[in-house]
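Could you have a look at this structure, given as structure tokens, before my questions?
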Amino acid sequence: MVHYRRDYTPGGTYFFTLALRNRQANYLTEHITSLGHAFRETKEKLHFTTYAITILPEHLHAIWILPDNDCDYSKRWRMIKGIFTKALLKKGVLLRHNARGDYHLWQRRFWEHRIKDEDDLQKHCDYIHYNPVKHGLVVQPIGWPYSSVHRFITQGIIPRDWGVGALQGEFGE
């Protein structure tokens, strides 16, 4: 069995990537209200701060800041995935399941990276906000509705025209 080494630092700031099993699906944006509900319900029970996020049709990227005495981001993602999956089933979305009863909606694992410093944070925020452009969903970051880029612009952290032209080709997965 493969043992995954995860960084569990209480109070850490983490970048995450989660994806649906079917990379052609659009459940995350098609059911964005249900996904938002899953985030809010989880946050009520297990606090965290979403520093930056973008939701694409079949995957999402987020930066979370965890409470000082807590490092269990896996439990939070498990809860979000479960609440969202149940919401889709309740809406009548047909999801296959395996012999154990697990639904084939989400990829089993997710990618995490602990943010090391301000430069690392900036690079990951840029990656998150530019991702819809990278995937050809919009021509500039401000055009994507499911992104914290709008909050960053409103708060004056970045200008409205951030990511237009100059950033193309500077990001990779």
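Please specify each residue of the stretch 94-112 satisfying the condition of being closer than 16 Å to Lys75 by Cα and touching a residue at least 40 places away in the same chain (Cβ under 8 Å). Step through it out loud before you land on a result.
Initially, the stretch 94-112 is screened for residues closer than 16 Å to Lys75 by Cα, giving 106-112.
Trp106, Gln107, Arg109, Phe110, Trp111, Glu112 - these are the residues of the stretch 94-112 that are closer than 16 Å to Lys75 by Cα and touching a residue at least 40 places away in the same chain (Cβ under 8 Å).
So which of His113, His124, His61 ends up being assigned to a helix (DSSP H, G or I), of a type outside the set (A, V, I, L, M, F, W, C) and under 13 Å from the mean Cα position of the chain (by Cα)? Show your work before the answer.
Details: His113 fails: assigned to a helix (DSSP H, G or I); His61 fails: assigned to a helix (DSSP H, G or I).
After ruling out the rest, the residue left standing is His124.
Say we look at the stretch 141-152 and pick out the residues that are touching a Pro at 6+ places or on another chain (Cβ under 7 Å) and in a helix (DSSP H, G or I); which of these is surrounded by the most Cβ atoms within 10 Å (Cβ to Cβ)?
Applying the first criterion (touching a Pro at 6+ places or on another chain (Cβ under 7 Å)) to the stretch 141-152 yields 141, 144, 147, 149.
Now narrow it down to the ones that are in a helix (DSSP H, G or I): 141, 149.
Details: Pro141: 27, Val149: 29.
If we take residues in the stretch 141-152 being touching a Pro at 6+ places or on another chain (Cβ under 7 Å) and in a helix (DSSP H, G or I), then Val149 is surrounded by the most Cβ atoms within 10 Å (Cβ to Cβ).
FYI, it's all coordinate maths here, none of it is from the lab. Worth saying up front: this structure is predicted, and the values here are computed from it rather than measured. Virtual Cβ from ideal backbone geometry, glycine too; neighbours counted across all protein chains shown.
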